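Colleague: My questions will all concern the structure given below.
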Amino acid sequence: MRRRALGVLIVLSVPAVLMLAGCGGVLSPAQVRKRASQACDHAADRSAAIRLPKAPSGGQHFLAQGIAVLAPEIRTLRRLDDHGAIEVAVSAMQAELVALRSSLQGLRAGNDPVVAVKTLQQELVGFEQQANTAWRTLRVPACVSR
């Protein structure tokens, strides 16, 4: 009998919990801009600590550090996007991340670091422009490429 009562209580309480969890869950555009700015500012601080390699052999470490900053930034930004408002910007950033990971994989496989970095720079230009345009349109200057 207790088991059944507990089961009924759980079944009846789930909709209420879900309803309460949904209350206030959608961020306003101003809140999205503010939180996106905070996430990008945090990532910019972390990026500023990354030093350029003194030799081409430092490229792997350099890219790995950049990936370690960009990946969590993207995850944070994706969580803010309840209704797809920042999807274009975040998708462009995701494409940057894919390019960085691909270059890192190539370096680990023995690709020439100078060629890999030049190729990466060319790949990133379009993605950065796309993300920057989206962030400017959304009025989030903190997320424009630094």
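Throughout, read-outs are computed from the coordinates displayed, never taken from laboratory work. These figures come from a predicted structure and were not determined experimentally. Note that we place each Cβ from the backbone using ideal geometry, even for glycine, and neighbour counts take in every protein chain shown.
Colleague: Just round it to a whole percent: the fraction of Cα-Cα distances in region 25-81 exceeding 15 Å.
Modeller: Roughly 55 percent, once rounded to a whole number.
Colleague: Right, something else. Can you list the HN-Hα couplings for region 26-43, worked out from phi with the Karplus curve (6.51, -1.76, 1.60; θ = phi - 60°), rounded to whole Hz and with x for Gly and Pro?
Modeller: 8, 7, 6, x, 5, 5, 4, 4, 5, 5, 5, 4, 4, 5, 5, 4, 4, 5
Colleague: Give, as ranges by residue number, the residues of region 131-146 whose backbone N falls under 12 Å from the point 7 Å along Cα→Cβ of VAL26.
Modeller: Label zone hits: none.
Colleague: If I stretch the segment between ALA48 and SER91 completely, what's the gain in nm (0.36 nm per residue apart, minus their alpha carbon distance), one decimal?
Modeller: Once the chain is fully extended between ALA48 and SER91, it gains 13.2 nm.
Colleague: Taking the highest mean first, how do the peptides 130-138, 46-54 order by number of other beta carbon atoms within 10 angstrom per residue?
Modeller: In descending order of packing, they fall as 130-138, 46-54.
Colleague: Using label points projected 7 Å from each Cα along Cα→Cβ, tell me how many nm separate ALA55 and ARG79, to one decimal.
Modeller: Reported label-point gap for ALA55 and ARG79 is 4.0 nm.
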